[in-house]
1. For the range 94-218, just list the percent of Cα-Cα distances falling in each 10 Å bin from zero outward, please.
2. If I take R0 = 41 Å and measure r between the Cβ atoms of residue 193 and residue 128 in this structure, what FRET efficiency does the formula 1/(1 + (r/R0)^6) give, to the nearest 0.05?
3. Can you tell me the relative contact order of the range 128-237? Whole percent, Cα pairs under 8 Å, sequence separation 6 or more.
4. Please arrange 90, 222 by accessible surface area, largest first, computed with a 1.4 Å probe and ligands excluded.
5. Taking the Cβ of residue 134 as the centre, find all other residues whose Cβ is under 14 Å away and add up their charges (Lys, Arg: +1; Asp, Glu: -1).
6. I'd like the accessible area for residue 127: 1.4 Å probe, protein heavy atoms, all chains in place, Å² to the nearest 10.
7. Subtracting the Cα-Cα distance from 0.36 nm times the residue separation, let me have the gained length for residue 225 to residue 169 in nm, one decimal.
8. Testing the spin-label approximation: label points 7 Å from Cα along Cα→Cβ at residue 143 and residue 185. State their distance in nm.
Amino acid sequence: MTLLSPRRAAALCALAILVAGCGQSKGSGRDGADGAATRVAGKGGLPPSAAGPTPSHGGPSYRVTPDELPTGAESAPPYGAPPPEPRQASRDCSGKRGALVEPGPVDAAMGLRAMRLTLTHCGTGTYRLDGYPGLRALGDDGAPLDVRTLRGAGRITTGVPDPGPHPVALRRGESATVVVVWRNTHTDLANPAVHAPRLRVVPAPGAPARTVTPDGGIDLGSTGRIGTTAWKKDEPDGTGR
């Protein structure tokens, strides 16, 4: 066995240390489990912006990038702001002819629904009404649904007074109203609840029909009927009561 001199042994040890140090890439950190070097952000590895948090002397700091909203996006209403007002009849005859029929907001309470229909005379001469309008509930495709129309509201609720049939004469710009009532009770579990997004209104026999789109539609459940009061001339305060 050949013995190495102390000087030669020291040289070999220095060479072994140098070779071991070259096994790691310049600027690399600790080796991963598979032997691949883990790259350190900002030192030959990922840029700091892509690496996430960047430490600072005062504690950890984070690069935050706000989300970008699409152009034209609407902001939410302020917290606590009142809800938008329900749609009301405009009674505006600008650019219109004949009878203008408009739905009001739908009042809902304990399964009962009530909606005021307003007819405004936008033509010439006198528009005459007497009694109840003809109503047809329409489906999504515009076809009539199997829904009966009752003259009067008494068989649906006693809380809506009906003036009964009587002559109503309107001059241009004047209005008359009825109240349409229904319930959304659903007891027929074998069939889906009936929903009518539109309502066809015939103000008087022989008069042209008008189609309205109530807010939220008419949710009839399985009741299969709607009721209406008779036409009544609108009062100066616009209540129609």
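1. The calculated distribution, bin by bin, is 12, 42, 34, 11, 2, 0.
2. Working: r = 38 Å, r/R0 = 0.93.
In this case the efficiency is close to 0.60.
3. 43 percent
4. Numbers: 90 70, 222 45 Å².
Heavy-atom accessible area, descending, gives 90, 222.
5. +4
6. 40 Å²
7. Computed gain between residue 225 and residue 169 is 17.3 nm.
8. 2.8 nm
The values are calculated or read from the model by the stated rules, or taken from the named source; none is laboratory data. Note that the coordinates shown come from a computational prediction; the quantities given were computed from them, not determined experimentally. Please note: Cβ atoms are built from the backbone with ideal geometry, for glycine as well, and neighbour counts cover all protein chains shown. Accessible surface areas use protein heavy atoms only, side chains included; no ligands, DNA or RNA. Shrake-Rupley method; radii C 1.70, N 1.55, O 1.52, S 1.80 Å.
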